[in-house]
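Take a look at the structure set out below.
The values are calculated or read from the model by the stated rules, or taken from the named source; none is laboratory data. Since the model is a prediction, treat every value here as computed from it, not as a measurement. Here Cβ is always computed from backbone atoms with ideal geometry, including for glycine, and neighbour counts include all displayed protein chains.
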């Protein structure tokens, strides 16, 4: 494959050979000398008397070949990474001159996009279904991906987002839309400012002031990237360009409230961008419709509070689009139907209300019809003949089905009794395609439990099975005692001791759900398996998610006086109170909420146990801080705990007055009457929501001021 001299004609011939030809791509990838020469062409200096156009042509053709082979095998990508292709590309882009052609900039941007997306797909997580979980170059790819989202790299290629060439801008938007997959990388792009803007920020600060990363210019309209993506989207009429901009905004907004909230607000007397995005969901082009739906979902779900999820109008608009695509194959490609299923999944996942709306709107019925139409009962005998695209479509549909049926028994019964989908799901459980197995296991009962117990199953399939187990044991299901009889606890303890963070967290989640509103006998059985020393260690685990679930476990254990005795005896008074004090001071509100809720449960114990709580002065200080500074969800159990202690303990009343809790309670009561305000803004609806907190604060205040 190696050629001595790189010429335009040679490169064009190679380009024509590699396009759509995996074997030639692999041949190129294995020729390390050729790959190195190809990458060096990107920064090639012109020889004497060589016209500029010839130099540009060589660089453009080299970029085209790199774009093509980056989509090939892992060997091809590995060869390119070993040749340092991303650094050479960034340097080539940084050295582009005003006199260089538009075609050169576009070719470089396209090659950078291809490399970045290929690397992101290797590192994961996948966007549209599961991919291979093992890669020989994953570590190398992760280092490369992190460097591509480092500020020094962003300084080079992000300005091309506003390049006059639509081709160049489209490539950068697609890079963001396909490669932004982690919170760290989203934050880096969202907070990025051009070098000149950063310089101005520094100049406005006096010498002793620290430059803030939360400057007004940085967060105005969601930051530079979001602001310019929004502006370009509002003016673009090109369908491909619209799709790329929507995908970039979707990736930037996912789990990013700062950017998402900005896009829900009007700008300069114009409607919020979200309304424009929802209007694009009705485009005549399916790809634009899907991108708009995905973008709207991430904006709305990231900006919504837990008490107010996706609004009904937006949900129904999105459901109308995806339901039509799922149900009408003649007008859409397999790829679009596949994406429609995943868009539906992103809409409803972990939101019980949205799952119910999707069920009411017929999404489950359409998905069931789709899966049944592409799944013959002798599938496992014919799966070798099945195209990869059909397997991917089945995975997508089953994934959406599992998400919709996750919370509601009525929906699950509809799945099995009305839609008769159980045989179709069952035949998918042993499919060779791991994504199909993963999706199928996500929605079944006893079959899932058998997978959950398999020790040699793919960890992602096991994780999906464990998630289903979590939900099943949380409800008053007849499967709960069956699971216990067939070895649920030993398997959960085994997974709790595994090195996989996701499996450990899910195992704790299942234990927490198992303990909720269950008998003392089961609680004792669970703790005999876990062991109090291990639970004590989990309460101070470095991972805050583990801490949260561990405190929730103790909270569910301490549901009555007899169980509270067990908790004090099992953990020991000193360790229990020490863990509570430390956690109530945590910065993670989810962990604090569980600790405060546990303390509220413990306050319902015996007089002796109340005295033990009051013997720890720091507990009352922490409770006071929760009342004064925390969100309503935390203040609710905190004030409940104070009321119970004040009602039953004269010693407790005196110590609470000395700690300053009396004045904090008075402050809450006076604020509710319109006199004083707390440190954060409240609306009349917030006051209505906190009515029970205020009422309990008044009762506690009365006990502290007047006694019995």
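Residue count for the range 229-250 satisfying the condition of being free of Cβ contacts under 8 Å to residues at least 12 places away in the same chain and over 18 Å from residue 285 (Cα atoms): 1.
Condition (residue is touching a residue at least 40 places away in the same chain (Cβ under 8 Å) and crowded, with 22+ Cβ neighbours inside 10 Å) applied to the range 449-461: is it met by at least one residue? No: zero hits. If we scan the range 479-486, do we find a residue that is within 24 Å of the chain's Cα centre (by Cα) and surrounded by 22 or more Cβ atoms within 10 Å (Cβ to Cβ)? No: the range 479-486 contains no residue that is within 24 Å of the chain's Cα centre (by Cα) and surrounded by 22 or more Cβ atoms within 10 Å (Cβ to Cβ). A count restricted to the range 599-616 and to residues that are in a helix (DSSP H, G or I) and without any contact (Cβ under 8 Å) to a residue 40 or more places away in the chain stands at 2.
Please go through the range 509-531 and give me each residue that is closer than 15 Å to residue 496 by Cβ and either without any contact (Cβ under 8 Å) to a residue 40 or more places away in the chain or under 28 Å from the mean Cα position of the chain (by Cα) (or both), ordered by number. Of everything in the range 509-531, those that are closer than 15 Å to residue 496 by Cβ and either without any contact (Cβ under 8 Å) to a residue 40 or more places away in the chain or under 28 Å from the mean Cα position of the chain (by Cα) (or both) turn out to be 509, 510, 511, 512, 513, 514, 515, 526, 528, 530, 531. Here 537, 555 are screened, and the one residue that is in a helix (DSSP H, G or I), under 21 Å from residue 596 (Cα atoms) and touching a residue at least 24 places away in the same chain (Cβ under 8 Å) is 555. Report yes if some residue within the range 104-118 is touching a residue at least 12 places away in the same chain (Cβ under 8 Å), closer than 30 Å to residue 343 by Cβ, assigned to a loop (DSSP other than H, G, I, E, B) and over 21 Å from the mean Cα position of the chain (by Cα); otherwise report no. So far as the range 104-118 goes, no, none of its residues is touching a residue at least 12 places away in the same chain (Cβ under 8 Å), closer than 30 Å to residue 343 by Cβ, assigned to a loop (DSSP other than H, G, I, E, B) and over 21 Å from the mean Cα position of the chain (by Cα).
Those helices (runs of 4 or more DSSP H) of the range 388-503 in which 3 or more residues are within 18 Å of residue 369 (Cβ to Cβ) and touching a helix residue (DSSP H, G or I) at 6+ places or on another chain (Cβ under 8 Å) occupy 388-404, 422-428, 434-441.
Inspection of the range 12-21 identifies no residue that is in a loop (DSSP other than H, G, I, E, B) and at pLDDT 80 or above.
Take residue 97 and tell me if it is within 28 Å of residue 169 (Cβ to Cβ), in a loop (DSSP other than H, G, I, E, B), touching a helix residue (DSSP H, G or I) at 6+ places or on another chain (Cβ under 8 Å) and at pLDDT 85 or above. So that I can check it myself, show each step before the final result.
Details: within 28 Å of residue 169 (Cβ to Cβ): yes; in a loop (DSSP other than H, G, I, E, B): yes; touching a helix residue (DSSP H, G or I) at 6+ places or on another chain (Cβ under 8 Å): no; at pLDDT 85 or above: yes.
For residue 97, the condition - within 28 Å of residue 169 (Cβ to Cβ), in a loop (DSSP other than H, G, I, E, B), touching a helix residue (DSSP H, G or I) at 6+ places or on another chain (Cβ under 8 Å) and at pLDDT 85 or above - is not met.
Against the conditions (1) buried (at least 16 other Cβ atoms within 10 Å of the Cβ); (2) at pLDDT below 85, residue 70 satisfies every one except (2).
When residues in the range 320-353 are screened for being over 13 Å from residue 290 (Cβ atoms) and buried (at least 22 other Cβ atoms within 10 Å of the Cβ), 1 of them pass.
Scanning the range 559-598 for residues that are under 30 Å from the mean Cα position of the chain (by Cα), outside any helix (DSSP H, G or I) and touching a residue at least 24 places away in the same chain (Cβ under 8 Å) yields 585, 586, 588. Only residues that are in contact with a helix residue (DSSP H, G or I) (Cβ under 8 Å, 6 or more places away or on another chain) and within 17 Å of residue 223 (Cβ to Cβ) were counted in the range 247-281, giving 20.
For the residues 273, 263, 252, the requirement of being at pLDDT 95 or above, on the phi < 0 side of the Ramachandran plot and surrounded by 22 or more Cβ atoms within 10 Å (Cβ to Cβ) singles out 252. Of the residues making up the range 337-357, those that are more than 21 Å from the chain's Cα centre (by Cα) and farther than 18 Å from residue 372 by Cα are 356, 357.
Of 627, 643, 665, which residue is in a helix (DSSP H, G or I), closer than 14 Å to residue 592 by Cα, touching a residue at least 12 places away in the same chain (Cβ under 8 Å) and within 40 Å of the chain's Cα centre (by Cα)? Let's see the steps before the verdict.
Values: 643 fails: closer than 14 Å to residue 592 by Cα; 665 fails: closer than 14 Å to residue 592 by Cα.
Result: 627 is the single residue among 627, 643, 665 that is in a helix (DSSP H, G or I), closer than 14 Å to residue 592 by Cα, touching a residue at least 12 places away in the same chain (Cβ under 8 Å) and within 40 Å of the chain's Cα centre (by Cα).
Go through the range 351-377 and give me each residue that's touching a helix residue (DSSP H, G or I) at 6+ places or on another chain (Cβ under 8 Å) and over 24 Å from residue 324 (Cβ atoms). If the condition is that a residue be touching a helix residue (DSSP H, G or I) at 6+ places or on another chain (Cβ under 8 Å) and over 24 Å from residue 324 (Cβ atoms), then 376, 377 are the ones that fit.
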